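A short write-up of the structure that comes next.
The values are calculated or read from the model by the stated rules, or taken from the named source; none is laboratory data. All figures in this text were calculated on a predicted structure; none of them were measured in a lab. Here the Cβ positions follow ideal geometry from the backbone for every residue, glycine too, while neighbour counts run over all protein chains shown. Note: accessible area is taken over every heavy atom of the protein model, side chains too, but ligands, DNA and RNA are not part of it. Shrake-Rupley method; radii C 1.70, N 1.55, O 1.52, S 1.80 Å.
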Amino acid sequence: MQGKKQMSELVAFGSRHIGRGIARMSEIAWERGEGSWMHSADGKKYLDFTCGIGVTNLGHCHPKITKAAQHQCGQVVHAQCNVGYHGPQLQLMEKLLPVMPHKSLDTFLFVNSGSEAVESAIKLARHSTKKQNVVVMQGGFHGRTIATASMTRSKTIYSAGFGPMMSGVFTTPFPYEYHYNLSRAAQGNKSDDACADEALWQLRLLLKQQTAPSDTAAIILEPVLGEGGYVPAPKKYMQGLRKICDEHKILLIIDEVQSGFGRTGTYFAIEQYDVRPDILVMAKGIANGFPLAGIVSRKEIMDSQTPGSMGGTYSGNAVACAAAVACADVMREEKILQNVKARGDQMRAGLERIRKDSNVGPLIGDVRGLGLMLGLEFARTAPTGISSRVQQNCIRNGLLILTTSVFETLRFIPPLTISDEEMSHGLEIFEKSLHEAATM
Ligand SMILES: Cc1ncc(COP(=O)(O)O)c(C=O)c1O
């Protein structure tokens with residue numbers, strides 16, 4: 001599998017036989033991953049600031065997680081959830097219960113992907129409230145299945161041409177301070193709180209004008225918009241949502257598929273808001289790359305469901321659960337949250353320093369995010385396509401990085417295990433790549 005020629009053959013074969021619906025940021029064939037690094041088939045190594053879109057949070061092939069999965073492969077791979085319980089799933093719930101953002105979240109359902117988990121949350125909300133409509137956020141992303149694409153507002157590509165979409169979905173503005181201020185520059189800047197007030201007012205209007213509370217089952221949002229640009233919700237907004245949900249018996253669904261499992265510096269981002277979710281959606285970092293996702297809610301809500309109405313063939317796969325148990329141990333043993341704090345501060349300081357550089361600083365409009373989930377949005381005055389150009393320069397220079405949203409934005413999602421030196425190295429590559437783009 002080594003050698004440049006072989007890599008080009010692999011890539012040609014892949015591009016011929018993989019459908020175009022899958023986008024790719026590079027034409028690289030990967031051979032292996034180790035910690036913060038990805039190794040290509042032609043022998044190059046790349047620092048991975050994508051983590052497979054926020055999945056391999058504990059680094060590629062973490063030895064403890066690999067060992068746990070290998071062991072489980074020799075015990076039982078598929079102990080189907082309708083047939084009985086299996087050890088790894090029971091152990092996983094034991095590990096997750098103490099880290100839930102609220103003690104009322106005590107009853108689980110495991111599935112295979114984030115979209116499936118979001119769909120499960122919507123089924124649960126509709127069934128338990130006996131109401132149909134769902135309110136989603138402008139810029140929100142919840143997946144690519146028909147139901148979750150119907151609830152996605154980060155880009156039109158997820159729904160264009162796929163209709164009819166699921167009905168009963170209503171969109172409310174997300175308080176996005178940087179954008180509010182761009183569109184209102186003439187009227188002066190608005191604070192985070194003022195943006196939150198305005199967005200809450202819009203939501204109250206929506207509930208009066210478009211979807212009556214008596215028809216509205218749930219409001220769903222990501223605490224930090226992921227595909228919508230790495231934008232954290234203001235605390236005042238999140239708390240206002242909780243209040244509106246309580247007033248109208250609407251369930252608050254928090255989608256932590258991308259922000260969960262330490263990414264933002266707390267186990268779940270919602271902990272930073274002092275807000276109780278009714279349903280929490282989890283995936284990605286839960287098992288460091290093994291396909292596992294889930295929802296958790298109050299027992300009385302979860303037990304309102306008819307046996308057999310939820311789940312699926314592979315729900316809560318034993319190998320994926322064993323990997324997730326090991327992830328929970330690594331989170332604790334390696335003090336991952338402490339590292340997120342230190343490396344998150346380092347990354348933010350690095351990006352802010354680059355922003356002060358008189359050559360490239362004016363290209364940068366906004367640096368935002370929580371923990372190791374940071375977004376950098378280019379200024380409106382920066383050339384169109386700048387984010388993709390910087391991304392491609394980074395790849396050429398040995399750093400994998402993703403764009404996000406319909407705006408010129410890069411997102412930084414390094415492994416939560418990243419070292420001080422690796423972070424400095426990644427920032428250096430980013431800075432060099434930005435300078436190269438500025439002089440192109
Ligand atoms: C917040 C959020 N929800 C849901 C999903 C869908 O997850 P999946 O791609 O596993 O179906 C994603 C995926 O990126 C996500 O970021």
* To do: Under a 10 Å cutoff between Cα atoms, tell me which one of Val319, Val340, Val11 has the largest fluctuation in the Gaussian network model of the chain.
  => Val11
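Indicate, rounded to the nearest 5 percent, the antiparallel portion of the DSSP beta bridges found entirely in region 65-333.
Just about 40 percent of them are antiparallel.
Sort Met282, Met25, Met440 by accessible area with a 1.4 Å probe, largest first.
Details: Met282 0, Met25 55, Met440 145 Å².
Highest to lowest solvent-accessible surface, that is Met440, Met25, Met282.
May I ask you to list the chymotrypsin sites (Phe, Trp or Tyr not before Pro) in region 17-126 that are in a DSSP loop and have at most 13 other Cβ atoms within 10 Å of their Cβ? Please list the in-between numbers first.
Values: sites: Trp30, Trp37, Tyr46, Phe49, Tyr85, Phe108, Phe110; in loops: Phe49, Tyr85.
When the chymotrypsin sites (Phe, Trp or Tyr not before Pro) of region 17-126 are filtered for loop state and at most 13 Cβ neighbours within 10 Å, Tyr85 remain.
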* **For the chain, built as a Gaussian network whose Cα springs stay under 10 Å, the top-fluctuating residue of Arg276, Arg368, Arg204** => Arg204
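Among Lys131, Lys236, Lys249, what's the order by accessible area (1.4 angstrom probe), most exposed first? Kindly include the intermediate steps, with their values, before the conclusion.
On the way: Lys131 25, Lys236 80, Lys249 160 Å².
Putting Lys131, Lys236, Lys249 in descending order of accessible area: Lys249, Lys236, Lys131.
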* Report, in deg cm²/dmol and to the nearest 500, the calculated mean residue ellipticity at 222 nm for the chain, where each DSSP H run with n ≥ 4 adds -39500 (n - 2.57) and the sum is divided by the residue count. => -12000 deg cm²/dmol
* To do: Would you mind pulling out the separation of the Cα centroids of region 206-232 and region 141-156, in Å?
  => 13 Å
* How far is the Cα center of region 364-404 from the Cα center of region 257-318, in Å? -> 29 Å
* To do: Could you tell me the accessible area of Thr145 in Å² (1.4 Å probe, neighbours in place), rounded to the nearest ten?
  => 50 Å²
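Determine the shape class of region 77-161: with a ≥ b ≥ c the square roots of the Cα gyration tensor eigenvalues, call it rounded for a/c under 1.5, and otherwise prolate if a/b is greater than b/c, oblate otherwise. Don't jump to the answer; show the numbers that get you there.
Working: a/c = 2.11, a/b = 1.75, b/c = 1.21.
Prolate shape, in that a/c is at least 1.5 and a/b is the bigger ratio.
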* Structure fact -> So the carbon and sulfur contribution to the accessible area of region 129-183, 1.4 Å probe, in percent, is 58 percent
* To do: At 1.4 Å probe size, with no ligands or nucleic acids counted, give the accessible surface of Leu427 in Å², nearest ten.
  => 10 Å²
* To do: Take the chain, connect every pair of alpha-carbon atoms lying under 10 Å apart with a spring to form a Gaussian network, then pick out the residue of Phe407, Phe261, Phe162 with the largest mean-square fluctuation.
  => Phe162
* Find the accessible area per residue for the chain; the probe is 1.4 Å, ligands and nucleic acids are left out, and the unit is Å². => 44 Å²
* Enter the accessible area of Arg298 (Å², nearest 10), with the probe set to 1.4 Å and all protein chains included. => 50 Å²
* Structure fact -> For Lys432, the lysines lying under 26 Å Cα to Cα, once residues fewer than eight places off in the same chain are dropped, come out as Lys4, Lys44, Lys45, Lys341, Lys356
